[in-house]
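S.K.: Take a look at the following structure, please.
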Amino acid sequence: MDNYLGIDWGGTNIDIGVVNSSGSLIARSVYPTSSNNTKEKFLELLKNVLALYSKYNIKAIGIGAPGLIDIKNGKIFDLPNVPGWKNYPISKEFGRSLKKKVFINNDANVFTLAECKVGLGGHVKNALFFTLGTGLGSGVVINGELLYARTSAAELAHIPITVNGQKCGCGSNGCIETYLGNAYLIRNYKKKTGIKKEITVKELYERALLGEKAALSVWEEFSFYFGRFLAGMVNLFNPEVIILGGGVSGAYNLFKPMVLAHIKRYAMAPLSKGLKIKKAKIKHAGIIGAALWAASNCAA
Ligand SMILES: [Zn+2]
């Protein structure tokens with residue numbers, strides 16, 4: 001069985017592992033992002049890691065990166081939180097230096113691959129994946145393949161839903177992400193209660209569980225926006241499963257029935273029939289998905 005290097009390029013850590021072609025993690029090591037963030041440092045880190053794992057005979061390298069990626073050409077368009085990588089053809093440049101094939105995709109897409117191919121055992125052919133946290137990451141699998149078009153696709157968080165909405169991290173305004181991210185939940189709670197003190201999403205969840213009205217209504221509104229949005233996604237993609245990961249998914253048990261009810265209410269009935277919502281469950285999904293992305297490109 002072939003082995004691949006999978007890289008989960010996060011804001012805090014660069015998490016790297018050796019993964020075989022069936023998606024099992026064999027070895028893993030973690031490095032701080034802050035000291036490995038320039039092209040030179042990142043490349044040096046990968047050289048060292050390849051030497052460290054030389055006995056595994058790595059066939060290719062897969063990277064999951066936090067930003068907008070030209071998936072087809074292996075180029076970084078932009079990493080909003082990591083300066084210095086704009087329009088960088090990483091697959092070509094790193095591939096030449098490391099003498100290995102290098103494939104890159106965005107982090108939500110590689111999470112999607114890990115959850116579908118390993119988490120759900122590859123049985124599900126049509127799935128949507130969302131990470132709920134600071135922002136909303138998304139990935140789409142159709143007929144067993146990750147969806148992308150000319151360069152990328154399925155940036156579902158940036159579907160504009162209001163005309164004069166909040167400014168979004170993508171540069172636009174009124175995107176669905178601005179109604180579902182952590183900051184919106186907290187802001188909405190503060191608006192309802194008038195409290196000034198900082199509160200986390202976890203506390204917001206706990207307060208709702210205790211029956212606090214304002215906290216509950218924040219989650220009800222979240223479920224309304226998310227459910228209506230997902231109804232649209234169900235009409236568009238007709239998935240078997242929607243998988244939810246990320247920090248906000250900690251409140252999954254609270255919002256799942258409400259979200260599902262809104263999907264049923266707003267989606268076309270034959271398209272939402274039999275739809276399941278599941279919580280993401282793969283540990284180290286970023287590493288495993290990145291390696292699977294490399295493996296699927298090598299097999300193509
Ligand atoms: Zn946006």
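The values are calculated or read from the model by the stated rules, or taken from the named source; none is laboratory data. What you see is a predicted model; the values in this text were computed from it and never measured. Glycine gets a Cβ as well: all are built from the backbone with ideal geometry, and neighbour counts include every protein chain shown.
S.K.: Only one of Leu79, Leu52 is more than 20 Å from Gly135 (Cα to Cα) and of a type outside the set (S, T, N, Q); which? Show your work before the answer.
M.R.: On the way: Leu79 fails: more than 20 Å from Gly135 (Cα to Cα).
Result of the check over Leu79, Leu52: Leu52.
S.K.: Here is a follow-up. Could you tell me whether any residue of region 114-130 is of a type in the set (D, E, K, R), assigned to a loop (DSSP other than H, G, I, E, B), within 19 Å of Asn235 (Cα to Cα) and within 13 Å of the ligand (Cβ to nearest atom)?
M.R.: Among the residues of region 114-130, not one is of a type in the set (D, E, K, R), assigned to a loop (DSSP other than H, G, I, E, B), within 19 Å of Asn235 (Cα to Cα) and within 13 Å of the ligand (Cβ to nearest atom), which makes the answer no.
S.K.: For residues that are touching a Gly at 6+ places or on another chain (Cβ under 8 Å) and in a helix (DSSP H, G or I), scanning just region 69-94, find the one that is surrounded by the fewest Cβ atoms within 10 Å (Cβ to Cβ).
M.R.: Taking the candidates together, the pick is Lys92.
S.K.: Okay, moving on. Out of curiosity, is Arg150 more than 16 Å from the ligand (Cβ to nearest atom), assigned by TED's automatic domain parsing to the domain that holds Phe229 and basic (Lys, Arg)?
M.R.: Details: more than 16 Å from the ligand (Cβ to nearest atom): yes; assigned by TED's automatic domain parsing to the domain that holds Phe229: yes; basic (Lys, Arg): yes.
Yes; evaluated as a whole, the condition is true for this residue.
S.K.: Any residue at all in region 156-167 that is closer than 18 Å to Gly62 by Cβ, among the β-branched types (Val, Ile, Thr) and in contact (Cβ under 8 Å) with a residue 24 or more places away in the chain? Before you say what the answer is, go through the steps one by one.
M.R.: Looking only at region 156-167, we keep the residues that are closer than 18 Å to Gly62 by Cβ, and these are none.
There is no residue in region 156-167 that is closer than 18 Å to Gly62 by Cβ, among the β-branched types (Val, Ile, Thr) and in contact (Cβ under 8 Å) with a residue 24 or more places away in the chain.
S.K.: Scan Ser152, Ser138 and give me the residue that is touching a residue at least 60 places away in the same chain (Cβ under 8 Å) and in contact with a helix residue (DSSP H, G or I) (Cβ under 9 Å, 6 or more places away or on another chain). It would help to see each step written out before you state the result.
M.R.: Values: Ser138 fails: touching a residue at least 60 places away in the same chain (Cβ under 8 Å).
Result of the check over Ser152, Ser138: Ser152.
S.K.: Would you be able to say whether some residue in region 154-161 is charged (D, E, K, R), away from the ligand (no atom under 13 Å from the Cβ) and either assigned to a loop (DSSP other than H, G, I, E, B) or surrounded by 15 or more Cβ atoms within 10 Å (Cβ to Cβ) (or both)? Don't jump to the end; show me each part of the working.
M.R.: Here is the first cut: in region 154-161, the ones charged (D, E, K, R) are 155.
When the remaining residues are screened for being away from the ligand (no atom under 13 Å from the Cβ), the result is none.
Checked region 154-161: no residue is charged (D, E, K, R), away from the ligand (no atom under 13 Å from the Cβ) and either assigned to a loop (DSSP other than H, G, I, E, B) or surrounded by 15 or more Cβ atoms within 10 Å (Cβ to Cβ) (or both).
S.K.: Could you grab me the full set of residues in region 164-210 that are β-branched (Val, Ile, Thr) and farther than 20 Å from Gly227 by Cβ? I'd like the intermediate steps shown before the answer.
M.R.: Initial filter on region 164-210 (β-branched (Val, Ile, Thr)): 176, 178, 186, 193, 195, 199-201.
Across region 164-210, the qualifying residues are Ile186, Thr193, Ile195, Ile199, Thr200.
S.K.: Oh, and also: Do the conditions hold for Ala183, that is, is it in contact (Cβ under 8 Å) with a residue 24 or more places away in the chain, within 14 Å of the ligand (Cβ to nearest atom), surrounded by fewer than 16 Cβ atoms within 10 Å (Cβ to Cβ) and not assigned by TED's automatic domain parsing to the domain that holds Ala295?
M.R.: On the way: in contact (Cβ under 8 Å) with a residue 24 or more places away in the chain: yes; within 14 Å of the ligand (Cβ to nearest atom): yes; surrounded by fewer than 16 Cβ atoms within 10 Å (Cβ to Cβ): yes; not assigned by TED's automatic domain parsing to the domain that holds Ala295: yes.
Yes; evaluated as a whole, the condition is true for this residue.
S.K.: Check Val102 against each of (1) surrounded by 23 or more Cβ atoms within 10 Å (Cβ to Cβ); (2) assigned by TED's automatic domain parsing to the domain that holds Leu244; (3) more than 15 Å from the chain's Cα centre (by Cα) and name the one condition it does not meet.
M.R.: (2)
S.K.: Give all pairs with beta carbons closer than 9 Å in which a residue from region 7-36 that is outside the structural domain of Leu79 (by TED's automatic domain parsing) and closer than 20 Å to Lys117 by Cα meets a residue that is of a type in the set (Gly, Ala, Ser) and assigned to a strand (DSSP E or B); count only pairs at least 6 apart in sequence or on separate chains.
M.R.: Between residues of region 7-36 that are outside the structural domain of Leu79 (by TED's automatic domain parsing) and closer than 20 Å to Lys117 by Cα and residues that are of a type in the set (Gly, Ala, Ser) and assigned to a strand (DSSP E or B), there is no close pair.
S.K.: At negative phi, among the aliphatic types (A, V, I, L, M), within 16 Å of the ligand (Cβ to nearest atom) and in contact (Cβ under 8 Å) with a residue 12 or more places away in the chain: is that true of Ile176 in this structure? Break it down into steps so the answer makes sense when it comes.
M.R.: Values: at negative phi: yes; among the aliphatic types (A, V, I, L, M): yes; within 16 Å of the ligand (Cβ to nearest atom): yes; in contact (Cβ under 8 Å) with a residue 12 or more places away in the chain: yes.
Yes, satisfied.
S.K.: Additional query: Could you grab me the full set of residues in region 266-283 that are in contact with a strand residue (DSSP E or B) (Cβ under 8 Å, 6 or more places away or on another chain) and surrounded by 17 or more Cβ atoms within 10 Å (Cβ to Cβ)?
M.R.: Leu275, Ile277, Lys278, Ala280
S.K.: Here's something else I'd like to know. Name, by its number, the condition in (1) within 26 Å of Tyr252 (Cα to Cα); (2) within 16 Å of the ligand (Cβ to nearest atom); (3) in contact with a helix residue (DSSP H, G or I) (Cβ under 8 Å, 6 or more places away or on another chain) that does not hold for Lys167.
M.R.: Only one criterion in (1) within 26 Å of Tyr252 (Cα to Cα); (2) within 16 Å of the ligand (Cβ to nearest atom); (3) in contact with a helix residue (DSSP H, G or I) (Cβ under 8 Å, 6 or more places away or on another chain) is unmet by Lys167, namely (1).
S.K.: So is Lys191 in a loop (DSSP other than H, G, I, E, B) and away from the ligand (no atom under 16 Å from the Cβ) or not?
M.R.: Details: in a loop (DSSP other than H, G, I, E, B): no; away from the ligand (no atom under 16 Å from the Cβ): yes.
No; evaluated as a whole, the condition is false for this residue.
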